[in-house]
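**Student:** Mind looking over this structure? Questions follow.
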Amino acid sequence: MDAATFAAVFVALYVAHNVGDHWVQTSHQSATKGKPGWVGRLADARHFASLTATKLAVLLPVAWLLGLNLSLLGLVLGLGVDAVTHWWADRRTTLARLAKSLGKSEFYELGTPAHPLAPVTTEGKPAAHLGTRAYALDLLCTKSLLVVRPGRSVVS
């Protein structure tokens, strides 16, 4: 594995993740994806579909411009794992249970109204994405490895 390729893929996915989560995701998806039942699941599915498309839209031109050797298998594995884990985390109750099992409920709740020191937006609304950011950043590193490593090149 080439360290420069890994670094380029990581940066491209990091940028795309932020664009997809903050600019591409609709207000409806953001407000609804954590709700119980099919309403929440479908909103979350629409969000991760647009997020995955955003990541491809950023990563493929970067790979082409930099001459990176990325395989179709690596792209499918990396972005597939990304989509599933992002969907899982954005269901909210799943990540809250994980935080609780690790003794990190207070940190997870920091971005929610449940915490007395919760950060808020300028409108006084909770900034509820703190718990998911650390989770996403950690997994982004793993997913970058999956994109870079397997198979033969389809983008170079």
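**Student:** Of (1) under 13 Å from L13 (Cβ atoms); (2) touching a helix residue (DSSP H, G or I) at 6+ places or on another chain (Cβ under 7 Å); (3) not hydroxyl-bearing (S, T, Y), A57 satisfies all except one. Which?
**Tutor:** Failed condition: (2).
**Student:** I'm trying to understand the selection: among the residues of region 50-106, which are more than 16 Å from F6 (Cα to Cα), open to solvent by less than 40 Å² (accessible area, probe 1.4 Å) and basic (K, R)?
**Tutor:** If the condition is that a residue be more than 16 Å from F6 (Cα to Cα), open to solvent by less than 40 Å² (accessible area, probe 1.4 Å) and basic (K, R), then R91 is the only one that fits.
**Student:** Would you say A45 is open to solvent by 20 Å² or more (accessible area, probe 1.4 Å), farther than 25 Å from A3 by Cα and at pLDDT below 90?
**Tutor:** The answer is no for A45.
**Student:** State yes or no: is K100 in contact with a helix residue (DSSP H, G or I) (Cβ under 8 Å, 6 or more places away or on another chain) and touching a residue at least 24 places away in the same chain (Cβ under 8 Å)?
**Tutor:** Considered against the rule, which asks whether it is in contact with a helix residue (DSSP H, G or I) (Cβ under 8 Å, 6 or more places away or on another chain) and touching a residue at least 24 places away in the same chain (Cβ under 8 Å), K100 comes out as no.
**Student:** Now a separate question. Looking at A83, A136, A127, can you tell me which residue is closer than 17 Å to A16 by Cα, at pLDDT below 80, within 20 Å of the chain's Cα centre (by Cα) and among the hydrophobic types (A, V, I, L, M, F, W, C)?
**Tutor:** A136
**Student:** H22: open to solvent by 30 Å² or more (accessible area, probe 1.4 Å), over 25 Å from V9 (Cα atoms) and in a helix (DSSP H, G or I), yes or no?
**Tutor:** no
The values are calculated or read from the model by the stated rules, or taken from the named source; none is laboratory data. None of these values were measured; they are calculated from a predicted model. Cβ atoms come from the backbone with ideal geometry, glycine included; neighbour counts cover every protein chain shown. Areas reflect the complete protein model, heavy atoms only, side chains present, ligands, DNA and RNA absent. Shrake-Rupley method; radii C 1.70, N 1.55, O 1.52, S 1.80 Å.
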